[in-house]
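Colleague: Below you'll find the structure I mean.
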Amino acid sequence: MRNKQQGMTAIGFVIMAVIVALIGFAGLKLTPVYLEHMKIVSTLNDVKEQLDGQNPSIQEIRSSINKRLVIEMVTTVKARDFKIKKTEAGYDVRIQYENRTQYVANLYLVAVFNNVVGIRR
C-alpha cells in the first residue's frame, strides 16, 4: 500500500508566498490613498456640520472647504475640484476624483472616489 503524501512542495510554497507578497504590497501602496480619502470625507462632513442651516453662499462653502483642506494637508484635490450644485433644499457638495499610485514599473493601482453631502439652507 502507498503512503499518501501531505503538505506543500517547495515550488507551491514559493508561488503562494509570491501571491501573498503581491497582495500585501498592493495593500501597502493603497493605504496612503485611502487615508487621504478619509481626510477628504472628514472635510465634507465637517463643512456640512458647520454650515448646515446657516444659509451659506457658494463662496462661503468653497472657502470653508479650502481652509479644511489646508489644515488637513490634502494634496490630491483642491477646493475648486468640489462641485457645488444649488438644490431646492440648499446645496449638494460633490467630490469625484481618482487617485493613482505606482505599483510595479509602469503598472498603477487606481482608486476612484465619489462622495456627496447636502447642506441645507
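Rule-based calculations on the coordinates, nothing more; no lab input. Everything numeric in this text was worked out from a predicted model, so none of it was measured. Note that each Cβ is placed from the backbone with ideal geometry, even for glycine, and that neighbours are counted across all protein chains shown.
Colleague: I need the calculated FRET efficiency for the pair Arg100 and Ile71, taking r as the beta carbon distance and R₀ as 30 Å, to the nearest 0.05. Can you show the working numbers first?
Modeller: On the way: r = 25 Å, r/R0 = 0.83.
That gives a FRET efficiency of 0.75.
Colleague: Here's another thing I want to ask about it. Size of the chain along its principal axes in angstrom, Cα-based, largest extent first?
Modeller: 84, 33, 21
Colleague: Given a 10 angstrom Cα cut-off, can you work out which residue in Gly90, Gly12, Gly27 is the most mobile in a GNM of the chain?
Modeller: Between Gly90, Gly12, Gly27, it is Gly12 that shows the largest mean-square fluctuation.
Colleague: Kindly express, to the nearest 10 degrees and within the range 0 to 90, the angle between helix 58-72's C-alpha long axis and the longest C-alpha principal axis of the chain.
Modeller: That works out to roughly 40 degrees.
Colleague: Continuing with this model, one more query. Give a quick list of trypsin sites (Lys or Arg not before Pro) in the range 4-106 that DSSP marks as loop, anything other than H, G, I, E or B, with at most 10 other Cβ atoms within 10 Å.
Modeller: Numbers: sites: Lys4, Lys29, Lys39, Lys48, Arg62, Lys67, Arg68, Lys78, Arg80, Lys83, Lys85, Lys86, Arg94, Arg100; in loops: Lys4, Lys78.
In loop regions of the range 4-106 (DSSP not H, G, I, E or B), the sparsely surrounded trypsin sites (Lys or Arg not before Pro) are Lys4.
Colleague: Size of the dipole of the range 54-121 about the Cα centre, Lys and Arg at +1 and Asp and Glu at -1 on the beta carbon, nothing else charged, in debye to 20? Please list the in-between numbers first.
Modeller: Working: 12 positive and 6 negative charges, 44 e Å.
Here the range 54-121 has a charge dipole of around 220 debye.
Colleague: Please determine, in degrees from 0 to 90 and to the nearest 10, the orientation of helix 10-51 with respect to the longest principal axis defined by the Cα atoms of the chain, where the helix direction is its Cα long axis.
Modeller: The angle comes out at about 10 degrees.
Colleague: Between rounded, prolate and oblate, where does the range 1-63 land on the alpha carbon gyration tensor, with a ≥ b ≥ c its root eigenvalues, rounded for a/c under 1.5, else prolate if a/b exceeds b/c? Let's see the in-between values first.
Modeller: Values: a/c = 10.36, a/b = 4.55, b/c = 2.28.
Prolate is the answer for the range 1-63, as a/c is 1.5 or above and a/b outweighs b/c.
Colleague: For the range 53-95, what is the convex hull (Cα atoms) projected area averaged across all directions, in square nanometres?
Modeller: Values: hull surface 12.4 nm².
Averaged projected hull area, Cα only: 3.1 nm².
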